[in-house]
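One structure is given below, encoded as C-alpha coordinates.
The values are calculated or read from the model by the stated rules, or taken from the named source; none is laboratory data. What you see is a predicted model, and the numbers here were worked out from it, not measured in a lab. A quick note on method: Cβ atoms are made from the backbone with ideal geometry, for glycine too, and the neighbour counts reach across all protein chains shown.
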Amino acid sequence: MTVTASAFTLQFLEESVQAIRALDAATIDRVAVGLAAVRNAGGRLFILGVGGSAGHASHAVNDFRKLCAFESYAPTDNVSELTARVNDEGWDTSFSEWLKVSRLGRADAVLIFSVGGGSKDRNVSVNLVRALEHARAVGARIFGIVGRDGGYTAQVADGCVIVPTVALDRVTPHTEGLCAVIWHLLVSHPELQRAPTKWESTK
(Lines give C-alpha, C1' and ligand atoms only; values in the text may rest on other atoms or scores of the structure.)
Protein backbone atom coordinates (compact mmCIF):
# COMPACT_ATOMS: atom_id res chain seq x y z
CA MET A 1 0.00 0.00 0.00
CA THR A 2 1.35 3.42 -0.96
CA VAL A 3 0.83 6.20 1.53
CA THR A 4 1.53 9.81 0.63
CA ALA A 5 2.29 12.54 3.14
CA SER A 6 -0.83 14.28 4.37
CA ALA A 7 -1.23 18.03 4.41
CA PHE A 8 -1.39 17.92 8.22
CA THR A 9 1.89 16.01 8.57
CA LEU A 10 3.69 18.37 6.21
CA GLN A 11 2.25 21.37 8.05
CA PHE A 12 3.23 20.04 11.49
CA LEU A 13 6.80 19.38 10.35
CA GLU A 14 7.04 22.80 8.75
CA GLU A 15 5.78 24.42 11.98
CA SER A 16 8.47 22.53 13.90
CA VAL A 17 11.14 23.82 11.54
CA GLN A 18 9.82 27.37 11.90
CA ALA A 19 9.91 27.10 15.70
CA ILE A 20 13.47 25.74 15.73
CA ARG A 21 14.65 28.52 13.42
CA ALA A 22 13.06 31.11 15.71
CA LEU A 23 14.69 29.81 18.90
CA ASP A 24 17.09 32.20 20.62
CA ALA A 25 20.39 30.29 20.41
CA ALA A 26 22.16 32.77 22.69
CA THR A 27 19.62 32.09 25.43
CA ILE A 28 20.18 28.34 25.09
CA ASP A 29 23.93 28.96 25.52
CA ARG A 30 23.19 31.17 28.55
CA VAL A 31 21.29 28.30 30.14
CA ALA A 32 24.09 25.84 29.33
CA VAL A 33 26.76 28.10 30.83
CA GLY A 34 24.61 28.82 33.87
CA LEU A 35 23.89 25.15 34.53
CA ALA A 36 27.56 24.27 34.09
CA ALA A 37 28.52 26.91 36.65
CA VAL A 38 26.13 25.37 39.17
CA ARG A 39 27.46 21.86 38.50
CA ASN A 40 31.10 22.95 38.61
CA ALA A 41 30.58 24.65 41.97
CA GLY A 42 29.11 21.45 43.45
CA GLY A 43 25.46 22.44 43.24
CA ARG A 44 22.52 20.18 42.46
CA LEU A 45 19.83 20.39 39.79
CA PHE A 46 16.12 19.93 40.47
CA ILE A 47 13.98 19.47 37.35
CA LEU A 48 10.27 20.20 37.69
CA GLY A 49 7.49 19.45 35.23
CA VAL A 50 3.80 18.53 35.22
CA GLY A 51 2.00 16.10 32.91
CA GLY A 52 4.07 15.31 29.84
CA SER A 53 6.77 17.57 31.22
CA ALA A 54 7.03 15.31 34.28
CA GLY A 55 8.04 12.51 31.93
CA HIS A 56 10.55 14.86 30.32
CA ALA A 57 11.91 15.74 33.77
CA SER A 58 12.57 12.10 34.60
CA HIS A 59 14.33 11.49 31.28
CA ALA A 60 16.39 14.67 31.63
CA VAL A 61 17.47 13.76 35.17
CA ASN A 62 18.97 10.59 33.74
CA ASP A 63 20.76 12.51 31.00
CA PHE A 64 22.17 15.23 33.27
CA ARG A 65 23.38 12.65 35.78
CA LYS A 66 24.84 10.14 33.33
CA LEU A 67 26.18 12.39 30.59
CA CYS A 68 27.00 15.56 32.55
CA ALA A 69 27.94 14.20 35.99
CA PHE A 70 25.39 16.63 37.43
CA GLU A 71 23.61 15.54 40.61
CA SER A 72 19.97 15.87 39.55
CA TYR A 73 16.52 14.99 40.86
CA ALA A 74 12.82 15.27 39.94
CA PRO A 75 10.06 15.24 42.58
CA THR A 76 7.73 13.40 40.21
CA ASP A 77 10.03 10.36 40.22
CA ASN A 78 8.70 9.41 43.68
CA VAL A 79 5.00 8.90 43.11
CA SER A 80 4.38 7.85 46.72
CA GLU A 81 5.73 11.08 48.20
CA LEU A 82 4.17 13.22 45.47
CA THR A 83 0.67 11.78 45.92
CA ALA A 84 0.96 11.87 49.71
CA ARG A 85 1.79 15.56 49.58
CA VAL A 86 -1.03 16.27 47.11
CA ASN A 87 -3.50 14.30 49.24
CA ASP A 88 -2.43 15.68 52.61
CA GLU A 89 -1.26 19.22 51.87
CA GLY A 90 -2.58 20.11 48.41
CA TRP A 91 -1.29 20.38 44.85
CA ASP A 92 -0.04 23.95 45.06
CA THR A 93 2.72 23.21 47.59
CA SER A 94 3.60 19.69 46.39
CA PHE A 95 6.88 20.80 44.76
CA SER A 96 7.89 23.62 47.12
CA GLU A 97 7.59 21.40 50.20
CA TRP A 98 9.60 18.68 48.45
CA LEU A 99 12.31 21.23 47.67
CA LYS A 100 12.39 22.31 51.32
CA VAL A 101 13.03 18.75 52.47
CA SER A 102 15.75 18.49 49.80
CA ARG A 103 17.35 21.59 51.35
CA LEU A 104 17.36 23.60 48.13
CA GLY A 105 19.92 26.34 48.60
CA ARG A 106 22.00 29.04 46.95
CA ALA A 107 24.38 26.56 45.36
CA ASP A 108 21.56 24.70 43.58
CA ALA A 109 19.43 25.26 40.50
CA VAL A 110 15.85 24.60 39.46
CA LEU A 111 15.02 23.79 35.83
CA ILE A 112 11.39 24.14 34.77
CA PHE A 113 9.80 22.28 31.84
CA SER A 114 6.35 23.76 31.18
CA VAL A 115 4.09 24.77 28.31
CA GLY A 116 2.91 27.93 30.07
CA GLY A 117 5.57 28.48 32.71
CA GLY A 118 3.04 28.64 35.55
CA SER A 119 0.55 31.38 36.38
CA LYS A 120 -0.95 32.26 39.74
CA ASP A 121 -3.49 34.61 38.14
CA ARG A 122 -4.79 31.92 35.77
CA ASN A 123 -4.48 29.19 38.44
CA VAL A 124 -2.36 27.03 36.12
CA SER A 125 0.65 25.02 37.35
CA VAL A 126 0.59 26.88 40.64
CA ASN A 127 2.88 24.25 42.17
CA LEU A 128 5.58 25.45 39.76
CA VAL A 129 4.98 29.04 40.85
CA ARG A 130 5.27 28.10 44.55
CA ALA A 131 8.44 26.13 43.83
CA LEU A 132 9.96 29.12 42.05
CA GLU A 133 8.96 31.45 44.87
CA HIS A 134 10.83 29.18 47.26
CA ALA A 135 13.82 28.99 44.91
CA ARG A 136 13.99 32.78 44.80
CA ALA A 137 13.69 33.01 48.57
CA VAL A 138 16.72 30.76 49.12
CA GLY A 139 18.75 32.25 46.28
CA ALA A 140 18.82 29.20 43.99
CA ARG A 141 19.42 29.71 40.26
CA ILE A 142 16.35 29.35 38.03
CA PHE A 143 16.24 28.13 34.43
CA GLY A 144 13.40 27.11 32.15
CA ILE A 145 12.29 25.67 28.84
CA VAL A 146 8.74 26.90 28.30
CA GLY A 147 6.20 27.95 25.68
CA ARG A 148 3.68 30.76 25.13
CA ASP A 149 4.98 33.92 26.86
CA GLY A 150 6.96 31.93 29.43
CA GLY A 151 4.63 32.73 32.34
CA TYR A 152 6.06 33.11 35.82
CA THR A 153 9.14 31.07 34.90
CA ALA A 154 10.24 33.62 32.30
CA GLN A 155 9.64 36.47 34.75
CA VAL A 156 12.01 35.15 37.42
CA ALA A 157 14.51 32.93 35.56
CA ASP A 158 18.24 33.55 35.20
CA GLY A 159 17.90 31.96 31.77
CA CYS A 160 14.71 30.86 30.05
CA VAL A 161 14.29 29.38 26.57
CA ILE A 162 10.86 30.20 25.15
CA VAL A 163 9.66 27.93 22.36
CA PRO A 164 8.05 30.30 19.83
CA THR A 165 4.34 29.94 19.15
CA VAL A 166 3.94 29.06 15.48
CA ALA A 167 0.42 27.57 15.61
CA LEU A 168 -2.08 28.62 18.26
CA ASP A 169 -3.87 25.26 18.18
CA ARG A 170 -0.63 23.28 18.61
CA VAL A 171 1.26 25.17 21.33
CA THR A 172 1.48 22.15 23.64
CA PRO A 173 2.83 19.53 21.20
CA HIS A 174 5.41 21.90 19.75
CA THR A 175 6.56 23.14 23.17
CA GLU A 176 6.86 19.67 24.65
CA GLY A 177 8.43 18.24 21.50
CA LEU A 178 11.06 20.96 21.24
CA CYS A 179 11.71 20.87 24.99
CA ALA A 180 13.19 17.42 24.40
CA VAL A 181 15.30 18.76 21.54
CA ILE A 182 16.60 21.61 23.69
CA TRP A 183 17.46 19.56 26.77
CA HIS A 184 19.23 17.02 24.55
CA LEU A 185 21.17 19.95 23.10
CA LEU A 186 22.06 21.01 26.65
CA VAL A 187 23.32 17.59 27.76
CA SER A 188 25.36 17.43 24.53
CA HIS A 189 26.73 20.95 24.98
CA PRO A 190 30.51 21.15 25.45
CA GLU A 191 29.98 23.24 28.58
CA LEU A 192 28.05 20.37 30.18
CA GLN A 193 28.72 16.96 28.63
CA ARG A 194 31.41 14.89 30.33
CA ALA A 195 30.63 11.32 29.27
CA PRO A 196 29.97 9.99 25.75
CA THR A 197 26.64 8.53 24.75
CA LYS A 198 26.68 4.77 24.21
CA TRP A 199 26.28 4.46 20.45
CA GLU A 200 28.70 7.28 19.72
CA SER A 201 31.31 5.61 21.92
CA THR A 202 30.87 2.23 20.23
CA LYS A 203 33.30 1.84 17.33
Looking only at the stretch 140-155, and only at residues there that are touching a helix residue (DSSP H, G or I) at 6+ places or on another chain (Cβ under 9 Å) and among the aliphatic types (A, V, I, L, M), the one that is farthest from residue 26 (Cα to Cα) = 140
Read through the list (1) surrounded by fewer than 22 Cβ atoms within 10 Å (Cβ to Cβ); (2) hydroxyl-bearing (Ser, Thr, Tyr); (3) over 14 Å from residue 56 (Cβ atoms), then give the number of the only condition that residue 172 fails.
-> (3)
Within the stretch 1-28, how many residues are under 21 Å from the mean Cα position of the chain (by Cα), surrounded by 12 or more Cβ atoms within 10 Å (Cβ to Cβ) and either free of Cβ contacts under 8 Å to residues at least 40 places away in the same chain or not in a helix (DSSP H, G or I) (or both)?
-> 2
On the phi < 0 side of the Ramachandran plot and either in contact (Cβ under 8 Å) with a residue 12 or more places away in the chain or touching a Leu at 6+ places or on another chain (Cβ under 7 Å) (or both): does that describe residue 118?
-> no
Just a yes or no: is a residue in the stretch 87-104 among the basic types (Lys, Arg) and at positive phi?
-> yes
For residues in the stretch 99-116 being within 19 Å of the chain's Cα centre (by Cα) and outside any loop (DSSP other than H, G, I, E, B), which is surrounded by the most Cβ atoms within 10 Å (Cβ to Cβ)?
-> 112
Specify the residue that is nearest to residue 51 (Cα to Cα); the eligible residues are those in the stretch 145-203 that are among the basic types (Lys, Arg) and part of a helix (DSSP H, G or I).
-> 170
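Test residue 57 against the stated conditions and say whether it is under 25 Å from residue 96 (Cβ atoms), small (Gly, Ala, Ser) and surrounded by 16 or more Cβ atoms within 10 Å (Cβ to Cβ).
Yes, satisfied.
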For residue 39, are the conditions met, namely being within 29 Å of residue 149 (Cα to Cα), under 19 Å from the mean Cα position of the chain (by Cα), assigned to a helix (DSSP H, G or I) and of a type in the set (Lys, Arg)?
-> yes
Scope the stretch 133-145; condition of a type in the set (A, V, I, L, M) and within 13 Å of the chain's Cα centre (by Cα); matching residues = 142, 145
Being surrounded by 18 or more Cβ atoms within 10 Å (Cβ to Cβ), assigned to a strand (DSSP E or B) and either at pLDDT 95 or above or touching a helix residue (DSSP H, G or I) at 6+ places or on another chain (Cβ under 7 Å) (or both), is that true of even one residue in the stretch 121-139?
-> no
Determine if the stretch 39-48 includes at least one residue that is at pLDDT 95 or above, within 24 Å of residue 164 (Cβ to Cβ) and of a type outside the set (Lys, Arg).
-> yes
Residue, surrounded by the fewest Cβ atoms within 10 Å (Cβ to Cβ), within the stretch 60-98, restricted to residues that are touching a Lys or Arg at 6+ places or on another chain (Cβ under 9 Å) and closer than 14 Å to residue 111 by Cβ | 71
